[in-house]
Amino acid sequence: MHKTPYKRIATEEAFAPPEMLYIYRKILAKDDVDPGFKGLMGFYMSSPSARATHIMRCLTDLDQVRLQHMDEAGIDHQVIALTAPGVQVMDKATAVSFSQLANDQLAEAVRKHPARFTGMIAVAPQDPVAAAKEIERGVTKLGMHSVIINSHTQGEYLSDPKFWDIFAAAEAHDVPIYLHPNSLPKNMIEPFQECGLDGAIYGFGVETGLHALRIITAGVFDRFPKLQMIIGHMGEALPFWAYRLDYMHQATVKSQRYESIKPLRKKPSDYLRENFTITNSGVAWEPAIKFTQSVVGVDRVMYAMDYPYQYAIDEVAVMDNMQMSDEDKKKFFQTNAQRVFKINI
Ligand code: 1DF
Ligand code: MN
C-alpha cells in the first residue's frame, strides 16, 4: 500500500471476545431464539464457508491477526467496537456485566497498541442507568471517548424516553454514540428474510435508518442539543432521503395526523447536519461519498472499512484515488475521526 499524505483511520471495525461467543451459543441453543440473531450470528458461528471462518478468526483477535490485516490493507488505525448485536441480545443482568468485561478487554488491547487501536464503550440499553454509569466508567477509567449501540434492543428503540439516561450521559461526557445495525427485530424480519435481504445487503440499513429517524422525530436532539451520533453505511441512505423527509415531516406536523409526529425546533435534515457524523462503511463508492459530503458537509463524513465483514483491500485504493481535494481527503480518512473520537496519533 503506497504512502499517503494522510493516515487511514477506519472507524467501524468489529471484535468479539470468545467469552461472548460462549454466551451466544447458549442463547442460540434455546427454542425461542430470535430469528434475526439466529440468522446472523447463528450463521457466522456455525458455517464452514470461507467467509464465516475468516470472519470468526478476525473477530476474536485483537493482536497479530488484526494488525497484519491492517498492515496489508494500509490501515493505520482502527476504531473498534463490540460486534453486533453485542450485549443487546442478552438478559439484562448478563448484558450489564458482560459489557463491563468486554470494555475491560478492549481497553487492555488499546493499552497494548495505542497507536493502532481506539475502543468504543459497549453498553446495555436494557438497563439505562447502568449504561449511563458504564459510559462514565469508560470515559473516566478506560479512556474511551465513544459509545457503541447496535440499533434496537430486543425490538425496542432509543426513541422511547425510558432510554434517555443514556443520551444524557453521552451528552454530559461529550462522547458520540455510534448507532450501528443489528439484525432485524422479529416483528419486521419476515418479508426481508424470506427473500434473503434481511442482512447487511439491505435490511440492516432500513432498520438502522428507521431507528435514527425515530430518534430525530421523537425530539431527542431538541432535548439533548449537544448529543452527537454516528451512523455508518453512508448514513443508512438518510442523506438521500433528506428533502422528502423535510417536506413530509412538516406536512405531517401541520395535518396533525399522528400524535407521535410533533413539531421540532429544526428540520429533520438539520439534525443530520448538526448531530450526526456519517461513515462510508461498506460503501466504497465515490458518488455516494461526495453526495453525502454535499449534504452534511466535509467535516461530517469519515472513512470506515467494516472489518472483518468487508475486508476488501482493493477498496482502500479506490478511496485513495477519489477525485477530491487533498484537504477534503485528509478530513475523510484522518482528521474528522481524530476529532470525533479524540484520537491523538
Ligand atoms: C455484517 C455486516 C455483520 C455488518 C455485521 O455485524 C456488521 C454482515 C454482525 O455482513 O453480516 O457489522 N456491517 O456493519 O455491515
Ligand atoms: Mn459494521
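Nothing in this text is a laboratory measurement; each read-out follows from the coordinates by a stated rule. It should be emphasised that the depicted structure is a prediction, and the values quoted were computed from it without experimental measurement. Counting neighbours? That spans all protein chains shown, and the Cβs are built from the backbone with ideal geometry, glycine included.
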How fast does region 170-255 diffuse by Stokes-Einstein, in µm²/s, taking the Kirkwood radius from C-alpha pairs at 25 °C and 0.890 mPa s?
171 µm²/s
So what's region 58-175 giving for Rg/Rh, alpha carbon basis, Kirkwood Rh from the mean inverse pair distance?
0.99
Got a sec to turn the phi values of region 183-194 into Karplus ³J(HN,Hα) couplings, 6.51 cos²θ - 1.76 cosθ + 1.60 with θ = phi - 60°, whole Hz, x for Gly and Pro?
5, 5, x, 5, 7, 10, 6, 3, x, 8, 6, 5
By the Kirkwood definition, with r running over pairs of different Cα atoms, region 192-345 has a hydrodynamic radius in Å of 16.7 Å
Counting as exposed only GluC sites (Glu not before Pro) in DSSP loop states with no more than 12 other Cβ atoms inside 10 Å, the longest exposed-site-free span of the chain is 1-193
Please report, largest first and rounded to whole Å, the three semi-axes of the ellipsoid equivalent to region 115-264, where each semi-axis is the square root of five times an eigenvalue of the C-alpha gyration tensor.
26, 20, 15
Region 75-130: Rg/Rh from Cα coordinates, Kirkwood Rh?
1.04
Cα-Cα pairs in the chain separated by more than 40 Å, as a whole percent of all pairs, come to 7 percent
Express in nm, to one decimal, how much length is gained between V318 and E19 on full extension, taking 0.36 nm for each residue of separation and deducting their alpha carbon distance.
104.0 nm
Violations at 26 Å Cα threshold for listed pairs K112/K226; K141/K342; K30/K141; K7/K266; K267/K290; K92/K133 -> K112/K226; K30/K141; K7/K266
Among I55, I23, rank each residue by its count of other Cβ atoms within 10 Å, from fewest to most, as a rough exposure measure.
I23, I55
Please state the charge dipole magnitude for region 244-284, taken about the Cα centre, from unit charges on C-beta atoms (+1 on K and R, -1 on D and E), reported in debye and rounded to the nearest 20.
160 debye
Bins of 10 Å, starting at 0 and running to the largest distance - Cα pair percent for region 244-304
21, 39, 25, 15, 0
GNM, the chain, Cα, under 10 Å: largest mean-square fluctuation among A93, A124, A312?
A93
Taking amide hydrogens as modeled 1.01 Å from N in the peptide plane, which residues meet the under 5 Å criterion relative to Y178, leaving out close sequence neighbours?
V147, I148, I149, I230
